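As C-alpha coordinates, the structure follows; a few thoughts come after it.
The values are calculated or read from the model by the stated rules, or taken from the named source; none is laboratory data. From a predicted model like this one, the values you see are computed outputs, not experimental measurements. We place every Cβ from the backbone using ideal geometry, glycine too, and count neighbours over all the protein chains shown.
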Amino acid sequence: MPAPTIVWFRDDLRVGDHPALAAAAERGAPVVCVFVLDEESPGIRPLGGAARWWLHGSLEALRADLEALGTTLVLRRGAAGRVIRSLVSETGADAVFWNRRYGGPEREVDTELKSALGDDGLEVKSFAGNLLFEPWTIRTGQGTPYSVFTPFWRACLAAPEARHPLAVPDGLDAHVPDAASDDLDSWHLLPTRPDWAAGLRETWTPGSEGAHDRLETFLDERLGDYDGHRDRPAIDATSRLSPHLRWGEISPFEVWNAVRERRSTGGADGRRGEATGEATSRARFLAELGWREFAWHVLFHAPDLATSNWRAEFDAFPWPRLHPTALRAWEEGRTGVPIVDAGMRELWRTGSMHNRVRMVTASFLTKNLLIDWRRGEQWFWDTLVDADAAANPFNWQWVAGSGADAAPYFRVFNPLLQAKKFDPDGAYVHRWVPEVDTEEYPEPIVDLGESREAALAGYQTVKSAI
Ligand code: FAD
(Lines give C-alpha, C1' and ligand atoms only; values in the text may rest on other atoms or scores of the structure.)
Protein backbone atom coordinates (compact mmCIF):
# COMPACT_ATOMS: atom_id res chain seq x y z
CA MET A 1 0.00 0.00 0.00
CA PRO A 2 1.46 3.41 -0.93
CA ALA A 3 2.39 5.76 1.92
CA PRO A 4 -0.38 8.30 2.55
CA THR A 5 -0.35 12.05 2.03
CA ILE A 6 -1.40 14.26 4.93
CA VAL A 7 -3.47 17.33 4.10
CA TRP A 8 -3.45 19.81 6.95
CA PHE A 9 -6.62 21.97 6.96
CA ARG A 10 -6.39 25.37 8.65
CA ASP A 11 -8.26 28.46 7.39
CA ASP A 12 -9.53 26.54 4.36
CA LEU A 13 -12.36 24.32 5.59
CA ARG A 14 -13.65 23.23 2.18
CA VAL A 15 -13.15 20.49 -0.39
CA GLY A 16 -13.69 22.59 -3.55
CA ASP A 17 -10.93 24.85 -4.84
CA HIS A 18 -8.54 23.42 -2.29
CA PRO A 19 -5.13 23.26 -4.00
CA ALA A 20 -3.51 21.13 -1.27
CA LEU A 21 -6.32 18.55 -1.31
CA ALA A 22 -6.42 18.52 -5.12
CA ALA A 23 -2.65 17.92 -5.30
CA ALA A 24 -2.86 15.16 -2.69
CA ALA A 25 -5.69 13.46 -4.60
CA GLU A 26 -3.60 13.62 -7.76
CA ARG A 27 -0.76 11.73 -6.08
CA GLY A 28 -3.09 8.76 -5.95
CA ALA A 29 -2.09 7.58 -2.46
CA PRO A 30 -4.57 7.57 0.46
CA VAL A 31 -5.15 11.01 1.95
CA VAL A 32 -5.23 11.69 5.70
CA CYS A 33 -7.06 14.96 6.40
CA VAL A 34 -6.37 16.66 9.70
CA PHE A 35 -7.38 19.81 11.57
CA VAL A 36 -5.36 20.90 14.60
CA LEU A 37 -6.75 23.14 17.32
CA ASP A 38 -3.53 24.91 18.21
CA GLU A 39 -3.73 26.84 21.46
CA GLU A 40 -0.11 26.19 22.37
CA SER A 41 2.22 27.53 19.69
CA PRO A 42 3.65 30.86 20.81
CA GLY A 43 1.95 33.98 19.52
CA ILE A 44 -1.11 32.33 17.95
CA ARG A 45 -4.09 34.38 19.01
CA PRO A 46 -6.70 32.36 20.90
CA LEU A 47 -10.04 32.28 19.07
CA GLY A 48 -12.87 34.43 20.39
CA GLY A 49 -16.16 32.94 21.58
CA ALA A 50 -18.16 33.54 18.39
CA ALA A 51 -15.36 32.17 16.24
CA ARG A 52 -15.20 29.02 18.37
CA TRP A 53 -18.94 28.56 17.87
CA TRP A 54 -18.46 28.92 14.12
CA LEU A 55 -15.52 26.55 14.00
CA HIS A 56 -17.54 23.74 15.58
CA GLY A 57 -20.19 23.92 12.85
CA SER A 58 -17.62 24.35 10.14
CA LEU A 59 -15.67 21.25 11.18
CA GLU A 60 -18.85 19.18 11.27
CA ALA A 61 -19.66 20.33 7.75
CA LEU A 62 -16.13 19.63 6.50
CA ARG A 63 -16.17 16.16 8.00
CA ALA A 64 -19.43 15.38 6.16
CA ASP A 65 -17.98 16.71 2.89
CA LEU A 66 -14.83 14.60 3.31
CA GLU A 67 -16.84 11.50 4.18
CA ALA A 68 -18.76 11.94 0.93
CA LEU A 69 -15.37 11.75 -0.84
CA GLY A 70 -14.45 8.53 0.94
CA THR A 71 -12.22 9.81 3.72
CA THR A 72 -12.64 11.40 7.11
CA LEU A 73 -11.36 14.29 9.21
CA VAL A 74 -8.88 13.63 11.99
CA LEU A 75 -9.12 16.16 14.83
CA ARG A 76 -6.12 16.79 17.04
CA ARG A 77 -5.29 19.40 19.62
CA GLY A 78 -1.91 20.85 20.65
CA ALA A 79 1.11 22.64 19.23
CA ALA A 80 0.64 22.05 15.50
CA GLY A 81 4.26 21.30 14.64
CA ARG A 82 4.41 18.50 17.20
CA VAL A 83 0.96 17.15 16.34
CA ILE A 84 1.64 16.90 12.60
CA ARG A 85 4.98 15.21 13.14
CA SER A 86 3.40 12.65 15.40
CA LEU A 87 0.66 12.01 12.82
CA VAL A 88 3.38 11.47 10.21
CA SER A 89 4.98 8.75 12.28
CA GLU A 90 1.66 7.14 13.22
CA THR A 91 0.46 6.90 9.60
CA GLY A 92 3.78 6.43 7.79
CA ALA A 93 2.93 9.40 5.55
CA ASP A 94 5.60 10.45 3.08
CA ALA A 95 4.10 13.81 2.12
CA VAL A 96 2.39 16.73 3.88
CA PHE A 97 0.48 19.40 1.95
CA TRP A 98 -1.26 22.60 3.08
CA ASN A 99 -2.51 25.95 1.83
CA ARG A 100 -0.48 28.90 3.02
CA ARG A 101 -1.27 31.19 5.99
CA TYR A 102 -0.07 34.76 6.25
CA GLY A 103 0.02 35.68 9.96
CA GLY A 104 3.43 36.04 11.64
CA PRO A 105 3.24 33.30 14.33
CA GLU A 106 1.45 30.93 11.92
CA ARG A 107 4.20 31.36 9.33
CA GLU A 108 6.80 30.60 11.96
CA VAL A 109 5.09 27.31 12.81
CA ASP A 110 4.78 26.42 9.12
CA THR A 111 8.36 27.31 8.20
CA GLU A 112 9.80 25.35 11.07
CA LEU A 113 7.65 22.31 10.32
CA LYS A 114 8.44 22.44 6.62
CA SER A 115 12.14 22.35 7.28
CA ALA A 116 11.88 19.62 9.96
CA LEU A 117 9.78 17.37 7.73
CA GLY A 118 12.01 18.12 4.76
CA ASP A 119 15.03 17.03 6.83
CA ASP A 120 13.20 13.76 7.50
CA GLY A 121 12.89 13.22 3.74
CA LEU A 122 9.19 14.00 3.35
CA GLU A 123 7.69 15.84 0.42
CA VAL A 124 6.24 19.07 1.85
CA LYS A 125 4.27 21.41 -0.38
CA SER A 126 2.35 24.59 0.30
CA PHE A 127 -0.13 26.27 -2.02
CA ALA A 128 -1.93 29.57 -2.55
CA GLY A 129 -5.56 29.07 -1.63
CA ASN A 130 -6.80 31.85 0.61
CA LEU A 131 -5.76 35.11 -1.05
CA LEU A 132 -6.07 36.17 -4.67
CA PHE A 133 -2.78 38.06 -4.49
CA GLU A 134 -0.23 36.77 -2.00
CA PRO A 135 1.25 39.66 -0.02
CA TRP A 136 4.79 39.48 -1.38
CA THR A 137 3.66 39.39 -5.03
CA ILE A 138 2.29 42.95 -5.05
CA ARG A 139 4.94 45.63 -4.62
CA THR A 140 5.38 49.30 -5.45
CA GLY A 141 7.80 50.42 -8.18
CA GLN A 142 10.39 50.80 -5.39
CA GLY A 143 9.86 47.19 -4.31
CA THR A 144 8.20 48.17 -1.03
CA PRO A 145 4.80 47.07 0.30
CA TYR A 146 1.78 49.27 -0.36
CA SER A 147 0.37 51.45 2.39
CA VAL A 148 -2.51 53.01 0.43
CA PHE A 149 -5.42 50.98 -0.92
CA THR A 150 -6.10 52.59 -4.30
CA PRO A 151 -2.65 52.05 -5.85
CA PHE A 152 -2.50 48.61 -4.20
CA TRP A 153 -5.73 47.58 -5.84
CA ARG A 154 -4.70 49.08 -9.16
CA ALA A 155 -1.55 46.96 -9.02
CA CYS A 156 -3.61 43.85 -8.21
CA LEU A 157 -5.93 44.49 -11.14
CA ALA A 158 -2.90 44.87 -13.42
CA ALA A 159 -1.44 41.54 -12.22
CA PRO A 160 -2.38 38.27 -13.94
CA GLU A 161 -6.08 37.57 -13.34
CA ALA A 162 -7.02 35.30 -10.43
CA ARG A 163 -7.08 31.66 -11.53
CA HIS A 164 -10.25 29.63 -12.00
CA PRO A 165 -11.35 27.51 -9.05
CA LEU A 166 -10.20 23.89 -8.89
CA ALA A 167 -12.76 21.09 -8.95
CA VAL A 168 -13.66 18.97 -5.92
CA PRO A 169 -11.53 15.78 -6.18
CA ASP A 170 -13.48 12.89 -7.74
CA GLY A 171 -13.09 10.61 -4.78
CA LEU A 172 -10.16 9.75 -2.61
CA ASP A 173 -8.41 6.44 -2.09
CA ALA A 174 -10.49 4.83 0.64
CA HIS A 175 -7.61 2.91 2.23
CA VAL A 176 -6.93 5.56 4.83
CA PRO A 177 -4.77 4.31 7.71
CA ASP A 178 -6.48 4.42 11.06
CA ALA A 179 -5.60 7.54 13.00
CA ALA A 180 -7.23 8.37 16.29
CA SER A 181 -9.30 11.53 16.31
CA ASP A 182 -10.53 13.70 19.16
CA ASP A 183 -14.27 13.89 19.61
CA LEU A 184 -15.28 17.38 18.44
CA ASP A 185 -17.55 17.84 21.45
CA SER A 186 -14.59 17.31 23.77
CA TRP A 187 -13.16 20.62 22.51
CA HIS A 188 -16.09 22.48 24.08
CA LEU A 189 -16.24 25.06 21.30
CA LEU A 190 -19.95 25.63 21.82
CA PRO A 191 -21.09 27.84 24.71
CA THR A 192 -23.08 26.05 27.38
CA ARG A 193 -23.48 27.94 30.64
CA PRO A 194 -25.00 30.23 29.43
CA ASP A 195 -25.79 29.26 25.85
CA TRP A 196 -25.64 32.67 24.20
CA ALA A 197 -25.57 31.32 20.66
CA ALA A 198 -29.32 31.18 19.83
CA GLY A 199 -29.09 34.31 17.64
CA LEU A 200 -26.03 32.91 15.88
CA ARG A 201 -27.82 29.67 15.07
CA GLU A 202 -30.79 31.60 13.67
CA THR A 203 -28.56 33.75 11.49
CA TRP A 204 -25.85 31.49 10.12
CA THR A 205 -25.15 28.10 8.56
CA PRO A 206 -21.43 27.41 8.86
CA GLY A 207 -19.92 25.22 6.13
CA SER A 208 -19.34 25.32 2.39
CA GLU A 209 -22.94 24.62 1.48
CA GLY A 210 -24.11 27.62 3.52
CA ALA A 211 -21.38 29.70 1.89
CA HIS A 212 -22.39 28.78 -1.64
CA ASP A 213 -26.06 29.41 -0.83
CA ARG A 214 -25.15 32.89 0.40
CA LEU A 215 -23.16 33.56 -2.75
CA GLU A 216 -25.97 32.42 -5.05
CA THR A 217 -28.57 34.51 -3.21
CA PHE A 218 -26.29 37.51 -3.37
CA LEU A 219 -25.67 37.12 -7.10
CA ASP A 220 -29.35 36.53 -7.88
CA GLU A 221 -30.92 39.14 -5.63
CA ARG A 222 -28.44 41.76 -4.44
CA LEU A 223 -25.42 42.28 -6.63
CA GLY A 224 -27.26 44.61 -9.04
CA ASP A 225 -28.10 47.10 -6.27
CA TYR A 226 -24.97 46.55 -4.18
CA ASP A 227 -23.39 49.91 -4.84
CA GLY A 228 -26.56 51.85 -4.03
CA HIS A 229 -27.59 49.87 -0.96
CA ARG A 230 -24.42 48.59 0.67
CA ASP A 231 -24.28 51.43 3.18
CA ARG A 232 -27.87 50.99 4.37
CA PRO A 233 -27.89 48.80 7.47
CA ALA A 234 -31.66 48.21 7.38
CA ILE A 235 -31.41 46.56 3.95
CA ASP A 236 -30.05 43.07 3.36
CA ALA A 237 -27.85 44.31 0.55
CA THR A 238 -24.41 42.80 1.09
CA SER A 239 -23.16 39.25 0.58
CA ARG A 240 -22.69 38.23 4.25
CA LEU A 241 -19.85 36.03 3.10
CA SER A 242 -17.27 37.33 5.59
CA PRO A 243 -17.32 34.45 8.13
CA HIS A 244 -17.34 31.91 5.29
CA LEU A 245 -14.30 33.63 3.77
CA ARG A 246 -12.68 33.86 7.19
CA TRP A 247 -12.77 30.08 7.56
CA GLY A 248 -12.16 29.41 3.90
CA GLU A 249 -15.43 27.55 3.44
CA ILE A 250 -15.52 29.30 0.12
CA SER A 251 -12.38 30.55 -1.58
CA PRO A 252 -11.86 34.08 -2.83
CA PHE A 253 -11.18 32.54 -6.26
CA GLU A 254 -14.66 31.00 -6.25
CA VAL A 255 -16.26 34.30 -5.27
CA TRP A 256 -14.17 36.33 -7.70
CA ASN A 257 -14.94 34.13 -10.69
CA ALA A 258 -18.63 33.76 -9.89
CA VAL A 259 -19.01 37.54 -9.77
CA ARG A 260 -16.96 38.08 -12.92
CA GLU A 261 -18.93 35.48 -14.83
CA ARG A 262 -22.36 36.67 -13.76
CA ARG A 263 -23.63 38.95 -16.45
CA SER A 264 -27.05 40.50 -16.43
CA THR A 265 -29.33 39.29 -19.20
CA GLY A 266 -30.92 42.64 -19.76
CA GLY A 267 -30.90 46.28 -18.69
CA ALA A 268 -33.94 48.26 -17.58
CA ASP A 269 -34.90 48.93 -21.19
CA GLY A 270 -34.99 45.22 -21.93
CA ARG A 271 -31.94 45.23 -24.21
CA ARG A 272 -29.34 42.59 -23.63
CA GLY A 273 -26.22 43.80 -21.92
CA GLU A 274 -25.26 45.05 -18.55
CA ALA A 275 -26.78 48.15 -17.01
CA THR A 276 -24.15 50.66 -15.89
CA GLY A 277 -25.34 50.44 -12.30
CA GLU A 278 -24.64 46.74 -12.31
CA ALA A 279 -21.14 47.18 -13.70
CA THR A 280 -20.44 49.72 -10.96
CA SER A 281 -21.84 47.36 -8.34
CA ARG A 282 -19.72 44.49 -9.60
CA ALA A 283 -16.53 46.61 -9.51
CA ARG A 284 -17.45 47.90 -6.09
CA PHE A 285 -17.99 44.42 -4.70
CA LEU A 286 -14.72 43.14 -6.18
CA ALA A 287 -12.97 46.12 -4.57
CA GLU A 288 -14.38 45.04 -1.20
CA LEU A 289 -12.70 41.69 -1.74
CA GLY A 290 -9.70 43.90 -2.48
CA TRP A 291 -9.91 45.44 1.00
CA ARG A 292 -9.68 41.93 2.42
CA GLU A 293 -6.55 41.37 0.34
CA PHE A 294 -5.16 44.74 1.45
CA ALA A 295 -5.74 43.98 5.14
CA TRP A 296 -3.69 40.80 4.76
CA HIS A 297 -1.04 42.64 2.77
CA VAL A 298 -0.70 45.12 5.62
CA LEU A 299 -0.71 42.41 8.32
CA PHE A 300 1.90 40.37 6.47
CA HIS A 301 4.26 43.32 6.61
CA ALA A 302 3.20 44.39 10.15
CA PRO A 303 2.42 41.15 12.02
CA ASP A 304 1.73 42.96 15.30
CA LEU A 305 -1.17 44.94 13.81
CA ALA A 306 -3.55 43.90 16.62
CA THR A 307 -1.32 45.26 19.35
CA SER A 308 0.76 48.12 17.91
CA ASN A 309 -0.17 51.34 16.18
CA TRP A 310 0.67 51.00 12.50
CA ARG A 311 1.63 54.70 12.59
CA ALA A 312 4.12 54.86 15.44
CA GLU A 313 3.34 58.53 16.14
CA PHE A 314 0.02 57.38 17.60
CA ASP A 315 1.97 55.89 20.49
CA ALA A 316 1.96 59.47 21.82
CA PHE A 317 -1.85 59.66 21.94
CA PRO A 318 -2.84 60.53 25.51
CA TRP A 319 -5.60 57.96 26.09
CA PRO A 320 -7.28 58.96 29.36
CA ARG A 321 -7.54 56.39 32.14
CA LEU A 322 -10.03 53.69 31.10
CA HIS A 323 -13.57 54.32 32.21
CA PRO A 324 -14.83 50.72 32.67
CA THR A 325 -18.49 51.72 32.98
CA ALA A 326 -18.36 53.50 29.63
CA LEU A 327 -16.69 50.51 27.98
CA ARG A 328 -19.36 48.23 29.47
CA ALA A 329 -22.18 50.48 28.23
CA TRP A 330 -20.69 50.40 24.73
CA GLU A 331 -20.30 46.61 24.75
CA GLU A 332 -23.85 46.11 25.95
CA GLY A 333 -25.50 48.68 23.67
CA ARG A 334 -26.54 51.08 26.46
CA THR A 335 -24.76 54.31 25.45
CA GLY A 336 -27.91 56.34 24.79
CA VAL A 337 -26.79 56.89 21.19
CA PRO A 338 -29.34 54.91 19.15
CA ILE A 339 -27.31 53.80 16.14
CA VAL A 340 -24.38 52.78 18.34
CA ASP A 341 -26.64 50.77 20.63
CA ALA A 342 -28.38 49.17 17.65
CA GLY A 343 -25.04 48.05 16.21
CA MET A 344 -23.70 46.69 19.48
CA ARG A 345 -26.91 44.74 20.10
CA GLU A 346 -26.90 43.37 16.57
CA LEU A 347 -23.34 42.20 17.20
CA TRP A 348 -24.18 40.49 20.48
CA ARG A 349 -27.26 38.78 19.09
CA THR A 350 -26.07 37.71 15.63
CA GLY A 351 -22.26 37.71 15.84
CA SER A 352 -22.11 40.32 13.12
CA MET A 353 -22.70 44.00 12.44
CA HIS A 354 -23.25 45.97 9.27
CA ASN A 355 -20.04 47.54 7.94
CA ARG A 356 -21.29 51.14 8.13
CA VAL A 357 -22.32 50.62 11.74
CA ARG A 358 -18.99 48.96 12.57
CA MET A 359 -17.37 52.22 11.48
CA VAL A 360 -19.77 54.33 13.53
CA THR A 361 -19.49 52.24 16.72
CA ALA A 362 -15.69 52.09 16.42
CA SER A 363 -15.47 55.84 15.88
CA PHE A 364 -17.73 56.43 18.88
CA LEU A 365 -15.57 54.25 21.12
CA THR A 366 -12.26 55.80 20.08
CA LYS A 367 -13.24 59.41 19.45
CA ASN A 368 -16.17 60.07 21.78
CA LEU A 369 -15.52 57.71 24.67
CA LEU A 370 -11.76 58.14 24.13
CA ILE A 371 -11.11 54.46 24.70
CA ASP A 372 -8.05 52.87 23.10
CA TRP A 373 -8.93 51.08 19.83
CA ARG A 374 -7.33 47.88 21.16
CA ARG A 375 -10.19 47.50 23.69
CA GLY A 376 -12.77 47.68 20.91
CA GLU A 377 -10.76 45.40 18.66
CA GLN A 378 -10.65 42.79 21.43
CA TRP A 379 -14.43 42.96 21.97
CA PHE A 380 -15.07 42.53 18.25
CA TRP A 381 -12.52 39.70 18.20
CA ASP A 382 -14.51 37.89 20.85
CA THR A 383 -18.00 38.54 19.48
CA LEU A 384 -17.74 38.58 15.67
CA VAL A 385 -18.27 35.33 13.78
CA ASP A 386 -16.04 36.78 11.04
CA ALA A 387 -13.29 37.90 13.50
CA ASP A 388 -10.30 37.95 11.22
CA ALA A 389 -6.68 38.35 12.28
CA ALA A 390 -6.08 40.89 9.52
CA ALA A 391 -9.41 42.62 8.79
CA ASN A 392 -10.32 43.29 12.42
CA PRO A 393 -7.21 45.15 13.61
CA PHE A 394 -6.74 46.71 10.17
CA ASN A 395 -10.21 48.25 10.20
CA TRP A 396 -10.00 49.31 13.84
CA GLN A 397 -6.78 51.14 13.14
CA TRP A 398 -8.30 52.57 9.98
CA VAL A 399 -11.15 54.09 11.99
CA ALA A 400 -8.91 55.18 14.88
CA GLY A 401 -6.61 57.02 12.47
CA SER A 402 -3.50 55.06 13.43
CA GLY A 403 -3.65 52.60 10.53
CA ALA A 404 -2.69 52.19 6.89
CA ASP A 405 -4.60 54.48 4.51
CA ALA A 406 -6.59 55.53 7.57
CA ALA A 407 -9.35 58.07 7.66
CA PRO A 408 -7.81 61.31 8.87
CA TYR A 409 -8.05 61.49 12.63
CA PHE A 410 -9.98 64.74 12.60
CA ARG A 411 -12.77 63.01 10.68
CA VAL A 412 -14.96 62.16 13.65
CA PHE A 413 -18.24 60.54 12.64
CA ASN A 414 -21.25 62.23 14.14
CA PRO A 415 -23.39 59.17 14.96
CA LEU A 416 -26.63 61.14 14.78
CA LEU A 417 -25.87 62.44 11.30
CA GLN A 418 -24.70 59.01 10.23
CA ALA A 419 -28.03 57.57 11.36
CA LYS A 420 -29.95 60.28 9.52
CA LYS A 421 -28.06 59.61 6.32
CA PHE A 422 -27.87 55.81 6.30
CA ASP A 423 -30.94 54.84 8.33
CA PRO A 424 -33.24 57.69 7.32
CA ASP A 425 -36.51 56.10 8.45
CA GLY A 426 -34.94 54.61 11.58
CA ALA A 427 -35.83 51.04 10.55
CA TYR A 428 -32.47 49.64 11.64
CA VAL A 429 -32.45 51.43 14.98
CA HIS A 430 -36.03 50.38 15.74
CA ARG A 431 -35.23 46.75 14.93
CA TRP A 432 -32.51 46.59 17.60
CA VAL A 433 -33.57 49.31 20.05
CA PRO A 434 -37.36 49.07 20.17
CA GLU A 435 -37.55 51.28 23.27
CA VAL A 436 -35.71 54.15 21.58
CA ASP A 437 -38.68 56.54 21.57
CA THR A 438 -39.76 55.82 25.13
CA GLU A 439 -38.74 57.29 28.50
CA GLU A 440 -36.94 54.05 29.25
CA TYR A 441 -34.20 54.93 26.77
CA PRO A 442 -31.25 56.70 28.47
CA GLU A 443 -29.63 60.03 27.62
CA PRO A 444 -26.26 59.77 25.83
CA ILE A 445 -23.48 58.84 28.27
CA VAL A 446 -21.24 61.51 26.76
CA ASP A 447 -21.67 64.88 25.15
CA LEU A 448 -20.87 64.31 21.47
CA GLY A 449 -19.55 67.83 20.88
CA GLU A 450 -17.35 68.06 23.97
CA SER A 451 -15.91 64.59 23.56
CA ARG A 452 -15.10 65.30 19.93
CA GLU A 453 -13.13 68.37 21.00
CA ALA A 454 -11.24 66.32 23.59
CA ALA A 455 -10.34 63.75 20.93
CA LEU A 456 -9.07 66.46 18.59
CA ALA A 457 -6.98 67.93 21.42
CA GLY A 458 -5.42 64.48 21.96
CA TYR A 459 -4.62 64.37 18.28
CA GLN A 460 -2.63 67.61 18.59
CA THR A 461 -0.26 65.67 20.86
CA VAL A 462 0.17 63.06 18.14
CA LYS A 463 0.87 65.74 15.55
CA SER A 464 3.49 67.38 17.68
CA ALA A 465 5.14 63.95 18.19
CA ILE A 466 5.79 63.64 14.44
P1 FAD B 1 -19.67 42.60 1.63
O2 FAD B 1 -19.99 44.04 1.54
O3 FAD B 1 -20.56 41.66 0.90
O4 FAD B 1 -18.16 42.43 1.13
C5 FAD B 1 -17.65 41.22 0.57
C6 FAD B 1 -16.42 40.75 1.32
O7 FAD B 1 -15.38 41.70 1.21
C8 FAD B 1 -16.63 40.57 2.81
O9 FAD B 1 -17.24 39.34 3.09
C10 FAD B 1 -15.21 40.68 3.34
O11 FAD B 1 -14.52 39.46 3.21
C12 FAD B 1 -14.59 41.69 2.40
N13 FAD B 1 -14.62 43.04 2.99
C14 FAD B 1 -15.59 43.97 2.86
N15 FAD B 1 -15.24 45.11 3.51
C16 FAD B 1 -14.03 44.88 4.07
C17 FAD B 1 -13.14 45.66 4.86
N18 FAD B 1 -13.42 46.92 5.21
N19 FAD B 1 -12.00 45.10 5.28
C20 FAD B 1 -11.67 43.83 4.93
N21 FAD B 1 -12.47 43.05 4.17
C22 FAD B 1 -13.63 43.56 3.75
N23 FAD B 1 -14.34 42.07 8.22
C24 FAD B 1 -14.01 40.79 8.48
O25 FAD B 1 -14.11 39.94 7.59
N26 FAD B 1 -13.55 40.42 9.71
C27 FAD B 1 -13.43 41.31 10.73
O28 FAD B 1 -13.00 40.94 11.83
C29 FAD B 1 -13.80 42.66 10.50
N30 FAD B 1 -13.73 43.59 11.48
C31 FAD B 1 -14.06 44.90 11.22
C32 FAD B 1 -13.95 45.86 12.24
C33 FAD B 1 -14.30 47.19 12.00
C34 FAD B 1 -14.14 48.21 13.09
C35 FAD B 1 -14.76 47.56 10.72
C36 FAD B 1 -15.13 49.00 10.43
C37 FAD B 1 -14.88 46.63 9.71
C38 FAD B 1 -14.52 45.29 9.93
N39 FAD B 1 -14.63 44.31 8.92
C40 FAD B 1 -14.25 43.01 9.19
C41 FAD B 1 -14.95 44.69 7.53
C42 FAD B 1 -16.43 44.63 7.12
O43 FAD B 1 -17.23 45.30 8.05
C44 FAD B 1 -16.96 43.20 6.93
O45 FAD B 1 -16.09 42.46 6.10
C46 FAD B 1 -18.34 43.22 6.27
O47 FAD B 1 -19.25 43.96 7.05
C48 FAD B 1 -18.85 41.81 6.09
O49 FAD B 1 -20.12 41.79 5.52
P50 FAD B 1 -20.35 41.19 4.08
O51 FAD B 1 -19.69 39.85 3.98
O52 FAD B 1 -21.81 41.24 3.81
O53 FAD B 1 -19.55 42.22 3.17
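For Asp405, the conditions (1) charged (D, E, K, R); (2) near the ligand (Cβ under 8 Å from one of its atoms); (3) modelled with pLDDT under 95 all hold with the exception of (2). Kindly indicate which of Ser239, Ser181, Ser186 is of a type in the set (Ser, Thr, Tyr) and closer than 21 Å to Phe285 by Cα. Ser239 is the lone residue from the list that is of a type in the set (Ser, Thr, Tyr) and closer than 21 Å to Phe285 by Cα. Answer yes or no as to whether Leu416 is part of a loop (DSSP other than H, G, I, E, B), more than 16 Å from the ligand (Cβ to nearest atom), hydrophobic (A, V, I, L, M, F, W, C) and surrounded by fewer than 24 Cβ atoms within 10 Å (Cβ to Cβ). So Leu416 fails the test.
Enumerate the helices (runs of 4 or more DSSP H) found wholly within the range 17-114, keeping only those where 2 or more residues are without any contact (Cβ under 8 Å) to a residue 60 or more places away in the chain. Quick ask: steps written out before the conclusion?
Numbers: elements: 19-27, 49-68, 80-91.
Filter on the range 17-114 gives 49-68, 80-91.
Pairs meeting the criteria (first residue in the range 422-433 and over 15 Å from Arg345 (Cβ atoms), second residue at pLDDT 95 or above and surrounded by 14 or more Cβ atoms within 10 Å (Cβ to Cβ), beta carbons under 6 Å, at least 6 apart or on different chains) are Phe422/Asp231; Phe422/Arg232; Phe422/Arg356.
Of all residues assigned to the range 380-390, none qualifies as being buried (at least 24 other Cβ atoms within 10 Å of the Cβ) and over 14 Å from the mean Cα position of the chain (by Cα).
Within the range 132-153, not a single residue is under 30 Å from Glu90 (Cα atoms) and assigned to a loop (DSSP other than H, G, I, E, B). Mind checking which residues of the range 363-396 are closer than 28 Å to Glu249 by Cα, in a helix (DSSP H, G or I) and within 9 Å of the ligand (Cβ to nearest atom)? Result: Gly376, Glu377, Phe380, Trp381, Ala391, Asn392, Pro393, Phe394, Asn395, Trp396.
Here Pro320 meets each of (1) part of a helix (DSSP H, G or I); (2) more than 15 Å from the ligand (Cβ to nearest atom) with one exception, condition (1).
For (1) farther than 28 Å from Val446 by Cα; (2) touching a strand residue (DSSP E or B) at 6+ places or on another chain (Cβ under 9 Å); (3) free of Cβ contacts under 8 Å to residues at least 12 places away in the same chain, each residue gets a yes or a no:
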site	(1), (2), (3)
Gly290	yes, no, no
Trp296	yes, no, no
Phe300	yes, no, no
Asp304	yes, no, no
Ala312	yes, no, yes
Ala316	no, no, no
Leu322	no, no, no
Ala326	no, no, no
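The residue that is nearest to the chain's Cα centre (by Cα), among those in the range 204-250 that are of a type in the set (Gly, Ala, Ser) and within 12 Å of the ligand (Cβ to nearest atom), is Ser242.
All conditions in (1) free of Cβ contacts under 8 Å to residues at least 24 places away in the same chain; (2) within 26 Å of Phe285 (Cα to Cα) hold for His212, with the sole exception of (1).
Answer yes or no as to whether Asp341 is part of a helix (DSSP H, G or I), crowded, with 21+ Cβ neighbours inside 10 Å and away from the ligand (no atom under 16 Å from the Cβ). If you could, list the steps in order and put the result at the bottom.
Values: part of a helix (DSSP H, G or I): yes; crowded, with 21+ Cβ neighbours inside 10 Å: yes; away from the ligand (no atom under 16 Å from the Cβ): yes.
When the stated conditions are applied, Asp341 passes them.
For the range 90-104, the criterion of being small (Gly, Ala, Ser), modelled with pLDDT of 95 or more, closer than 23 Å to Ala3 by Cα and out of contact with any helix residue (DSSP H, G or I) (no Cβ under 9 Å at 6 or more places or on another chain) is met by at least one residue.
Can you find even one residue in the range 40-47 that is of a type in the set (A, V, I, L, M, F, W, C), crowded, with 20+ Cβ neighbours inside 10 Å and either in contact with a Pro (Cβ under 9 Å, 6 or more places away or on another chain) or on the phi < 0 side of the Ramachandran plot (or both)? Break it down stepwise before answering.
Our first condition is that a residue be of a type in the set (A, V, I, L, M, F, W, C); within the range 40-47, this holds for 44, 47.
Filter once more, so that each one left must be crowded, with 20+ Cβ neighbours inside 10 Å: none.
So far as the range 40-47 goes, no, none of its residues is of a type in the set (A, V, I, L, M, F, W, C), crowded, with 20+ Cβ neighbours inside 10 Å and either in contact with a Pro (Cβ under 9 Å, 6 or more places away or on another chain) or on the phi < 0 side of the Ramachandran plot (or both).
Report the residue count in the range 419-454 for those that are of a type in the set (Ser, Thr, Tyr), farther than 16 Å from Thr366 by Cβ and assigned to a helix (DSSP H, G or I). Can you show your working first?
Filtering the range 419-454 down to residues of a type in the set (Ser, Thr, Tyr) leaves 428, 438, 441, 451.
Applying the additional criterion that residues be farther than 16 Å from Thr366 by Cβ yields 428, 438, 441.
When the remaining residues are screened for being assigned to a helix (DSSP H, G or I), the result is 428.
So the count comes out to 1.
In a residue-by-residue description of the range 190-207, the property of being surrounded by 13 or more Cβ atoms within 10 Å (Cβ to Cβ) and more than 27 Å from Arg345 (Cα to Cα) applies to no position.
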